[in-house]
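The values are calculated or read from the model by the stated rules, or taken from the named source; none is laboratory data. Please read these numbers as outputs of a predicted model, since none were measured by experiment. Positions of Cβ are backbone-derived with ideal geometry, glycine not excepted, and every protein chain shown enters the neighbour counts. Accessible surface areas use protein heavy atoms only, side chains included; no ligands, DNA or RNA. Shrake-Rupley method; radii C 1.70, N 1.55, O 1.52, S 1.80 Å.
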Amino acid sequence: MFINNITLKDFRNYEYQEIFPKKGINIIYGRNAQGKTNILESIFLCSAARSHRTNKDTDLIRNDQKGYYVQIEGKRDEQPFSISINCDKVSSKTNKRVIKVNDISLTRTGQLMGVLNCVMFSPEDLTVIKEGPSERRRFLDILISQINPSYFYALQEYFKIIKQKNALLKNISENGRNKELLDVYNIKQAKTGYKIIKERKIFIEQINKKSKINHSDITKGSEELNISYSCDLSDFSDGEDEFYRMLTKSADKEIKIQNSILGPHRDDIDIILDNMSIKEYGSQGQQRTAILSLKFSEMQIIKEKTGNNPVLLLDDALSELDLLRKRTLLDKINTNQTFITCTEKRKYMTLDSNISFFSVTKGTVKSI
Ligand SMILES: Nc1ncnc2c1ncn2[C@@H]1O[C@H](COP(=O)(O)OP(=O)(O)O)[C@@H](O)[C@H]1O
Ligand SMILES: [Mg+2]
């Protein structure tokens, strides 16, 4: 799949910009803070319905403006497609977002999942290793949602249940009322939660298999990477029922602390390098390589599951590599349309003939 048009209106530092990327490699270059990452962000947004670096849509609206508009056109299996997102500020706190695919408004955000498959490689990726479990769940959720929209719906549903259940726990704890309702929520939580757990388990096993190979490739066999699922549920054979039993057992504790303490919203992924936690013991370089292995796995899984090569977004991701490693990497991804941001185009000029260049200066893009 590939993108051949990007239109930005009042998005980040772009007032109005059209960009016409090519198949192959698109190098977006310019000095710092000119708007290079903003372009990749707009592509990612049309893929995942969320930015890769903020949860607030308001951040994406150009300063002092009332809304943004992003449109992407491309081809998938030779079929043209278009995606547009229009976001308007309704009040200081709320925005109204309309997402269209092929000019038809979506009734649910989940319908966008899988229309445009993207994998982003960015400096923020290191948070997947360095930060808390929520970053690792986010990585997993974005990947699985792209391939399986019903997973995205299950997640939305699950968070609604947790929110309502937490309100109920508070009410029971403070007023002693409605305790009989808790069981209803536990049944719902077990049902939807187990759908999520099941998918995560399958995906983590696939990621593990692939990352092992990728990591061994990149490190020439000198390091061994292991990814495993850390989940409250240990017995997966009896999944939903087992989860329900655990919830019932913890009911008094949950009421006491007024919070849901068990379930996939607390899951984590353990990333182990040579039998040690990479988060605590890995060097910066080892952590970066592990992320690269994970991202390559993401790319391969998308390709296997959808039959399409995802669009790759490499934000400053190659700048630290020497020419040889860059070339090895580019060889690995040569069938994907790729966007690479960098500050110096010179370093790429000798690499490949199939490269298009775009310069970015203060929110204006020029094709070179
Ligand atoms: N909502 C916004 N409105 C206007 N400008 C913005 C907004 N968000 C970010 N910017 C500007 O965008 C620039 C950063 O863009 P970015 O794409 O991250 O830069 P880089 O070229 O270094 O990747 C900065 O100049 C920043 O002030
Ligand atoms: Mg940047």
Contact list, first residue from segment 29-49 and outside the structural domain of residue 14 (by TED's automatic domain parsing), second anywhere and open to solvent by 10 Å² or more (accessible area, probe 1.4 Å) and more than 6 Å from ligand 1 (Cβ to nearest atom), beta-carbon distance below 7 Å, six or more apart or interchain, is none
Note on residue 164: of the conditions (1) surrounded by fewer than 20 Cβ atoms within 10 Å (Cβ to Cβ); (2) modelled with pLDDT under 95; (3) among the polar types (S, T, N, Q), unmet is (2)
Note on segment 218-238: residues under 25 Å from the mean Cα position of the chain (by Cα) and free of Cβ contacts under 8 Å to residues at least 40 places away in the same chain are 231, 232, 233
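Considering 271, 340, which residue is farther than 23 Å from residue 1 by Cβ and either outside any helix (DSSP H, G or I) or at pLDDT 95 or above (or both)? Write out each step before concluding.
Values: 340 fails: farther than 23 Å from residue 1 by Cβ.
Sole residue among the options that is farther than 23 Å from residue 1 by Cβ and either outside any helix (DSSP H, G or I) or at pLDDT 95 or above (or both): 271.
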Flagged in segment 9-47 as open to solvent by less than 40 Å² (accessible area, probe 1.4 Å), farther than 15 Å from residue 338 by Cβ and in a loop (DSSP other than H, G, I, E, B), in numbering order, are 30, 34, 35
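Quick check on residue 213: is it open to solvent by 10 Å² or more (accessible area, probe 1.4 Å), within 23 Å of residue 242 (Cβ to Cβ), free of Cβ contacts under 8 Å to residues at least 60 places away in the same chain and β-branched (Val, Ile, Thr)?
Working: open to solvent by 10 Å² or more (accessible area, probe 1.4 Å): yes; within 23 Å of residue 242 (Cβ to Cβ): no; free of Cβ contacts under 8 Å to residues at least 60 places away in the same chain: yes; β-branched (Val, Ile, Thr): yes.
Spelling it out, it is not the case that residue 213 is open to solvent by 10 Å² or more (accessible area, probe 1.4 Å), within 23 Å of residue 242 (Cβ to Cβ), free of Cβ contacts under 8 Å to residues at least 60 places away in the same chain and β-branched (Val, Ile, Thr).
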Within segment 274-320, restricting to residues that are in a strand (DSSP E or B) and over 30 Å from residue 29 (Cβ atoms), the one that is least open to solvent (accessible area, probe 1.4 Å) is 277
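Output the strands (runs of 3 or more DSSP E) that fall wholly within segment 60-133 and possess 2 or more residues being touching a residue at least 60 places away in the same chain (Cβ under 8 Å), or say none. Spell out the reasoning first.
On the way: elements: 67-76, 79-89, 95-101, 118-121.
Of the strands (runs of 3 or more DSSP E) lying wholly inside segment 60-133, those with at least 2 residues that are touching a residue at least 60 places away in the same chain (Cβ under 8 Å) span 67-76, 118-121.
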